[in-house]
Amino acid sequence: MMVRKIGHGKSKSIAFIAGLTIGIASIISAGLLSVGVASAASDCAPVNNSDDNAIIYCGFSSPSTFISKVKSNDSGNGHEDLQAVYAYYGLEPADYNNFVSYAEPGTVYSNGTIVVDMHVNGQTIAQTVATNTKSIGRLASYQDPNTSTFFTQPISVNGKTVDYYGNLDGKTFANGVTSLPVTVLFNKAGVMQFAVDDACGNPDFGTPVTPTYSCSALHDTKVANQANTYQFTTTAPVGNNAVITKTVYDFGDGKTATVTGPNSPNVPVTHTYTTSNTFTASVTVYVSLPGSQDSIPVTSVKCQTKITVLIPYYQCAELTGAILDKNKLSISLTATAKYGGGATFTSADFDFGDGDVQDGVKPVNGVVTVTVTHTYATANTYNASAVLHFMVNGEAVTAAPCPAIVTPTAPPTPECKPGVAEGSAACTPCPTNLSVPSNSSQCTTPPPPTLPNTGAGDTIAIFSGVVVAAFLVYRQLIFRKHRAAFLAAEQGTSPLPLSDPLDEEPQPTVTPSAPYKRSLRRNRRY
């Protein structure tokens, strides 16, 4: 069935008549079966193949079969110019695989538009991807040559210039036909790169529609009466077939939120920060484009904002006391506040532990402490406390109490003995180290002396040595005793006659009046 216009060929009249007959039949059929929608049947005119208007005789049934025919470079009606023609209109060999994988079905209308259905978030959206469309064919007679929009397009094929003929798509359609199926390839920016009629392989071209999209602002608004809570929206203008699929917020504190749908930038998103810091919140808008398999992330520095968060904190840091006059049992109590993040210190309540209290003590502006004085009736130990009050976001809050133990006068120090404080080392001194108490780890008793560990042989040897030494000492003492007696006798001073106890010869009996004369020989023995 012919869906492009039929004209007079340059072949035999039989072919013309046959073609005219088929053309009339096709017009009638188109008028009876469908108004405004062309049949998807291939353009297989029963004329001489060399004169047929189709760039690919009988067209193609799928993107893969189209590329197969292009790679073979055989038009099926006597021409080897497919690659040159399609390259002229935007389909280079480097694009063949993309065409097979990503080309989209569409419709070219007689009003000069190409429309492609786009599927976004489960919805089908008809998008106009080109306007003022035209097409070319092999025969001028098929292109309504008598109109002002008719043109000749020379294309270099295998080093030679070949003329092709074209017109507005509305001028080339058969009578009564208002649309034809086409297959469209888009570039990465979602712009129509190449389109071709399914029925005849004739390329369609015109003014492509260029999608527009941007992220121009991230808006944050503090939520009233909700501490550190913000509401976010986004300004992200899109147009010309760009469709927003989702909006993703990153709040800068590790938390994110996602809103889906074309209107997602306008849907308010609320987030509460839980820590004090300065956060960088940002948003990414995802946009779907014609021919794109995945949504494109769109962001910019304009879609970022700084948010400073102060989390209120407050507490009673400490309560300290000081004795003003121990004789009068007078003391002072000072409470110290710690606060920030919007909290304000307003007052303090004191409980002195003896039944007396003092409430509503106001701090001086900018001062974090409050001080009060109190006089006790009796000396004792008291459990005092302070409760501090703050304002946070217009609300009165109270911190946990601060306790303190107060002794208005110092009690006497216990002594273990006069002048010695209890617990002193002098109370229980160590026998071996008077500078430490007896229960100290430094107080130790020196171990008793130990004899060397000897065996039985060593004991006998030691005993023998002792006996020999004792004998020598005894002999020396006896010798000295007898020697002294002998000298006394020799000098006549001894009251008794004595003899040399070591002399082997018998000694003559002598009397004190007749002293014994020792011979020279005996003297030499000594």
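None of Ala195, Ala130 is at pLDDT 95 or above and over 23 Å from Cys58 (Cβ atoms) except Ala130.
So, Lys255, is that one closer than 30 Å to Ala343 by Cα and among the basic types (Lys, Arg) or not? Steps first, please.
Working: closer than 30 Å to Ala343 by Cα: yes; among the basic types (Lys, Arg): yes.
Yes, satisfied.
Does segment 247-269 contain at least one residue that is more than 18 Å from Lys306 (Cβ to Cβ), outside the structural domain of Val120 (by TED's automatic domain parsing) and in contact with a helix residue (DSSP H, G or I) (Cβ under 7 Å, 6 or more places away or on another chain)? Yes - at least one qualifying residue is present in segment 247-269.
For segment 25-80, a residue qualifies if it is surrounded by 17 or more Cβ atoms within 10 Å (Cβ to Cβ), closer than 20 Å to Ala195 by Cβ and modelled with pLDDT under 50, and the qualifying residues are Ala38, Ser39.
Looking across segment 172-206, the residues that are surrounded by 24 or more Cβ atoms within 10 Å (Cβ to Cβ) and small (Gly, Ala, Ser) come down to Gly190, Ala195, Ala199, Gly201.
If you filter segment 383-431 down to residues that are within 30 Å of Asn327 (Cα to Cα) and hydroxyl-bearing (Ser, Thr, Tyr), you find that the one that is surrounded by the most Cβ atoms within 10 Å (Cβ to Cβ) is Ser385. All but one of (1) in contact with a Phe, Trp or Tyr (Cβ under 8 Å, 6 or more places away or on another chain); (2) among the polar types (S, T, N, Q); (3) exposed (fewer than 13 other Cβ atoms within 10 Å of the Cβ) hold for Asn365; state the number of the condition that does not hold. Status for Asn365: all satisfied but (1). Residues in segment 297-332 that are among the aliphatic types (A, V, I, L, M), under 31 Å from the mean Cα position of the chain (by Cα), part of a strand (DSSP E or B) and at pLDDT below 95: Val309 only.
Checking every residue in segment 275-290 against the condition of being farther than 30 Å from Asp95 by Cβ and either outside the structural domain of Tyr249 (by TED's automatic domain parsing) or aliphatic (A, V, I, L, M) (or both) gives at least one match.
Tell me which residues, restricted to segment 358-402, are in a strand (DSSP E or B), within 42 Å of the chain's Cα centre (by Cα) and in contact (Cβ under 8 Å) with a residue 60 or more places away in the chain. Quick ask: steps written out before the conclusion?
Within segment 358-402, the first condition is being in a strand (DSSP E or B), and the residues that meet it are 358-361, 369-375, 382-392, 395-398, 402.
Filter again for within 42 Å of the chain's Cα centre (by Cα), leaving 369, 387-392, 395-398, 402.
Val387, Leu388, Phe390, Val392, Val397, Cys402, listed by residue number.
Of all residues in segment 188-204, count the ones that are out of contact with any Pro (no Cβ under 9 Å at 6 or more places or on another chain) and closer than 22 Å to Ser68 by Cα.
Step one: of segment 188-204, the residues out of contact with any Pro (no Cβ under 9 Å at 6 or more places or on another chain) are 188, 200-204.
Add one more test, that the residue is closer than 22 Å to Ser68 by Cα, and what stays is 200-204.
The total comes to 5.
When you look at Lys302, is it touching a residue at least 60 places away in the same chain (Cβ under 8 Å), of a type in the set (Lys, Arg) and in the same structural domain as Asn383 (by TED's automatic domain parsing), yes or no?
Numbers: touching a residue at least 60 places away in the same chain (Cβ under 8 Å): yes; of a type in the set (Lys, Arg): yes; in the same structural domain as Asn383 (by TED's automatic domain parsing): no.
Here the answer is no, as Lys302 does not meet what is asked.
Within segment 215-239, being crowded, with 16+ Cβ neighbours inside 10 Å and without any contact (Cβ under 8 Å) to a residue 60 or more places away in the chain holds for Phe232, Thr233, Thr235, Val238.
Show me the helices (runs of 4 or more DSSP H) found entirely inside segment 45-134 where at least 3 residues are closer than 30 Å to Asp294 by Cα and of a type outside the set (Phe, Trp, Tyr).
Values: elements: 63-72, 82-88, 96-102.
Per the criteria, 63-72, 96-102.
Has segment 161-168 got at least one residue that is farther than 23 Å from His79 by Cβ and assigned to a loop (DSSP other than H, G, I, E, B)? Outline the logic, then answer.
Keep residues of segment 161-168 that are farther than 23 Å from His79 by Cβ, which gives 168.
Still in the list and also assigned to a loop (DSSP other than H, G, I, E, B): none.
Scanning segment 161-168 turns up no residue that is farther than 23 Å from His79 by Cβ and assigned to a loop (DSSP other than H, G, I, E, B).
Looking across segment 314-357, the residues that are of a type in the set (Lys, Arg) and in contact (Cβ under 8 Å) with a residue 40 or more places away in the chain come down to Lys326, Lys328.
For segment 425-468: of the residues being out of contact with any strand residue (DSSP E or B) (no Cβ under 6 Å at 6 or more places or on another chain), of a type in the set (A, V, I, L, M) and assigned to a loop (DSSP other than H, G, I, E, B), which is modelled with the lowest pLDDT? Spell out how you get there, then give the answer.
Let us first name the residues in segment 425-468 that are out of contact with any strand residue (DSSP E or B) (no Cβ under 6 Å at 6 or more places or on another chain), namely 429-468.
Within this subset, residues satisfying the condition of being of a type in the set (A, V, I, L, M) are 434, 436, 451, 456, 460-462, 466-468.
Keeping just the survivors that are assigned to a loop (DSSP other than H, G, I, E, B) gives 434, 436, 451.
Details: Leu434: 72, Val436: 74, Leu451: 55.
Within segment 425-468, the match that is modelled with the lowest pLDDT is Leu451.
Suppose we keep only residues that are aliphatic (A, V, I, L, M) and in a loop (DSSP other than H, G, I, E, B) within segment 240-276. Which one would you say is surrounded by the fewest Cβ atoms within 10 Å (Cβ to Cβ)?
In the first step, residues of segment 240-276 are kept if they are aliphatic (A, V, I, L, M); the result is 242-244, 248, 257, 259, 267, 269.
With in a loop (DSSP other than H, G, I, E, B) added as a condition, the list becomes 242, 267.
Working: Ala242: 24, Val267: 13.
Filtering first and then ranking leaves Val267.
Does Gly321 satisfy being surrounded by 15 or more Cβ atoms within 10 Å (Cβ to Cβ) and in contact with a Ser or Thr (Cβ under 8 Å, 6 or more places away or on another chain)? Quick ask: steps written out before the conclusion?
Details: surrounded by 15 or more Cβ atoms within 10 Å (Cβ to Cβ): yes; in contact with a Ser or Thr (Cβ under 8 Å, 6 or more places away or on another chain): yes.
Yes: the conditions hold for Gly321.
The values are calculated or read from the model by the stated rules, or taken from the named source; none is laboratory data. None of these values were measured; they are calculated from a predicted model. Cβ coordinates were reconstructed from backbone atoms using ideal geometry, including for glycine residues, and neighbour counts include every protein chain displayed.
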